[in-house]
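Novice: I'd like to ask some things about the structure below.
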Amino acid sequence: MERNSVINFILKDIEDIKSIASTFENKNSIPPIYIDLVLSKTRNLYTELFMLQKIDTEINEIESIESVLPQDMRASDEIEKTKTPIIRTPKTPTPTFKTVENVIVKKVRKITTIEERDKMREKEYLITTLNFPPIKNLNDGIELQDKILFINDLFNKSIDKYKQTISFIDRCDNLEEVFNYIDSNLKWYDDDTTTKKFMHLLYRRYS
């Protein structure tokens, strides 16, 4: 499923580039915004092709391993997978003064960041809802170029994780429920440029 999604993104970007490039003919000069758009699509293609190569490599490695295993070993592997795994507890290193100091500093910073984050979200929500129209759902409201950006920067290049998250958010009843999910599962930084762009769409979704 993930591989097919990446291929669809690649084909769509190629079509977009062809469509934009077709407008260059018989023009004395090409508007800079068109050139920027083609460059952006080209960068997307590079990332998508890299993702496709990575997926294919993983598939080939799995198939290669399975091909050399006897049938009885494959069956035993399936049995082993059903067994409860043995959990080995790693040895905890003795904390040094520097380690303890770092933990305390991080906790203080986290509390401060949460307070600042909530205030910033309230402010940005008001600004967004006053100046931008609402969108009915995220799945249709996110443009292709932004989808690629979000998948790469916020979802560690996982299209499936992106789709699951968008689907969950669109089913939420309110923004508080969305933020609880994001803060618990995704651990984003609100001051990140890509995160801000995604949050902007969230505010419009629940305005």
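The values are calculated or read from the model by the stated rules, or taken from the named source; none is laboratory data. Small disclaimer: the values here were computed from a predicted structure and weren't measured. Using ideal geometry, Cβ is built from the backbone for each residue, glycine included, and neighbour counts are taken over all protein chains shown.
Novice: Looking at I166, is it farther than 21 Å from Y189 by Cα and either β-branched (V, I, T) or buried (at least 17 other Cβ atoms within 10 Å of the Cβ) (or both)?
Specialist: Details: farther than 21 Å from Y189 by Cα: no; either β-branched (V, I, T) or buried (at least 17 other Cβ atoms within 10 Å of the Cβ) (or both): yes.
No; evaluated as a whole, the condition is false for this residue.
Novice: Output yes when any residue across the stretch 137-151 is of a type outside the set (S, T, N, Q), in contact (Cβ under 8 Å) with a residue 60 or more places away in the chain and farther than 20 Å from I7 by Cα, and no when none is.
Specialist: Taking every residue of the stretch 137-151 in turn, at least one turns out to be of a type outside the set (S, T, N, Q), in contact (Cβ under 8 Å) with a residue 60 or more places away in the chain and farther than 20 Å from I7 by Cα.
Novice: Name the one entry in I20, I7, I14 that is in contact with a Phe, Trp or Tyr (Cβ under 7 Å, 6 or more places away or on another chain) and assigned to a helix (DSSP H, G or I). Steps first, answer last, please.
Specialist: Values: I7 fails: in contact with a Phe, Trp or Tyr (Cβ under 7 Å, 6 or more places away or on another chain); I14 fails: in contact with a Phe, Trp or Tyr (Cβ under 7 Å, 6 or more places away or on another chain).
The conditions single out I20.
Each row is one residue, and each column tells you yes or no for (1) within 27 Å of the chain's Cα centre (by Cα); (2) surrounded by 10 or more Cβ atoms within 10 Å (Cβ to Cβ); (3) hydrophobic (A, V, I, L, M, F, W, C); (4) at pLDDT 80 or above.
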| position | (1), (2), (3), (4) |
| --- | --- |
| M1 | yes, no, yes, no |
| E25 | no, no, no, no |
| Q71 | no, no, no, no |
| K91 | no, no, no, no |
| K107 | yes, yes, no, no |
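Novice: Return the residues of the stretch 33-44 that are over 12 Å from L144 (Cβ atoms) and either modelled with pLDDT of 80 or more or β-branched (V, I, T) (or both); say none if nothing qualifies.
Specialist: Passing the criteria: I33, I35, V38, L39, T42, R43.
Novice: What single numbered condition from (1) loosely packed, with under 10 Cβ neighbours inside 10 Å; (2) of a type in the set (A, V, I, L, M, F, W, C); (3) at pLDDT 75 or above fails to hold for F97?
Specialist: The number of the failed condition is (3).
Novice: When you go through D160, D173, D118, D192 one by one, which is the residue that is out of contact with any helix residue (DSSP H, G or I) (no Cβ under 7 Å at 6 or more places or on another chain) and closer than 29 Å to L52 by Cα? Break it down stepwise before answering.
Specialist: Values: D160 fails: out of contact with any helix residue (DSSP H, G or I) (no Cβ under 7 Å at 6 or more places or on another chain); D173 fails: closer than 29 Å to L52 by Cα; D118 fails: closer than 29 Å to L52 by Cα.
After applying the criteria, what remains is D192.
Novice: Run K123 past the list (1) basic (K, R); (2) surrounded by 12 or more Cβ atoms within 10 Å (Cβ to Cβ); (3) more than 20 Å from the chain's Cα centre (by Cα) and report the number of the one that doesn't hold.
Specialist: Single failed check for K123: (2).
Novice: Can you find a residue in the stretch 169-180 that is assigned to a helix (DSSP H, G or I) and within 22 Å of K12 (Cα to Cα)?
Specialist: Filtering the stretch 169-180 for residues assigned to a helix (DSSP H, G or I) gives 169-171, 175-180.
From what is left, the residues that are within 22 Å of K12 (Cα to Cα) are none.
Within the stretch 169-180, not a single residue is assigned to a helix (DSSP H, G or I) and within 22 Å of K12 (Cα to Cα).
Novice: Right, next: Is it true that K147 is of a type outside the set (A, V, I, L, M, F, W, C) and surrounded by 13 or more Cβ atoms within 10 Å (Cβ to Cβ)? Break it down into steps so the answer makes sense when it comes.
Specialist: Details: of a type outside the set (A, V, I, L, M, F, W, C): yes; surrounded by 13 or more Cβ atoms within 10 Å (Cβ to Cβ): yes.
Criteria met by K147.
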